[in-house]
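All remarks here apply to the structure that follows.
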Amino acid sequence: MDAPGEGGADPDLPFEEGARDALDADLRHRLVSEAAYMLYAKRGFADGFELDDWLAAEGDVDNLLLNPQFASARSEDTVES
């Protein structure tokens, strides 16, 4: 086993400035899937918009992950609807 600082990353060091934890691909897929389903349900379960729902859900999830303030704006929109 390498000593800290010798060949491996030191687990006690904080993340480099600007670095972010990567979201697990499976978790992102699940979030997008659930968001797409909610769009499908909101439309009254009308078929034929699967790709549109998926792409819109991806955009929403990515915006949520990259811009946490987006979440509070979206929740206010949902409450007003």
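Filter the range 56-81 down to residues that are surrounded by fewer than 13 Cβ atoms within 10 Å (Cβ to Cβ) and either closer than 18 Å to D24 by Cα or of a type in the set (A, V, I, L, M) (or both) and give me whichever is modelled with the lowest pLDDT. Among them, the one singled out is V79.
Candidates are the residues of the range 1-37 that are hydrophobic (A, V, I, L, M, F, W, C) and more than 15 Å from the chain's Cα centre (by Cα); the one that is modelled with the highest pLDDT is A9.
The values are calculated or read from the model by the stated rules, or taken from the named source; none is laboratory data. Here the structure is a predicted model, which means the values were calculated and not measured. Here Cβ is always computed from backbone atoms with ideal geometry, including for glycine, and neighbour counts include all displayed protein chains.
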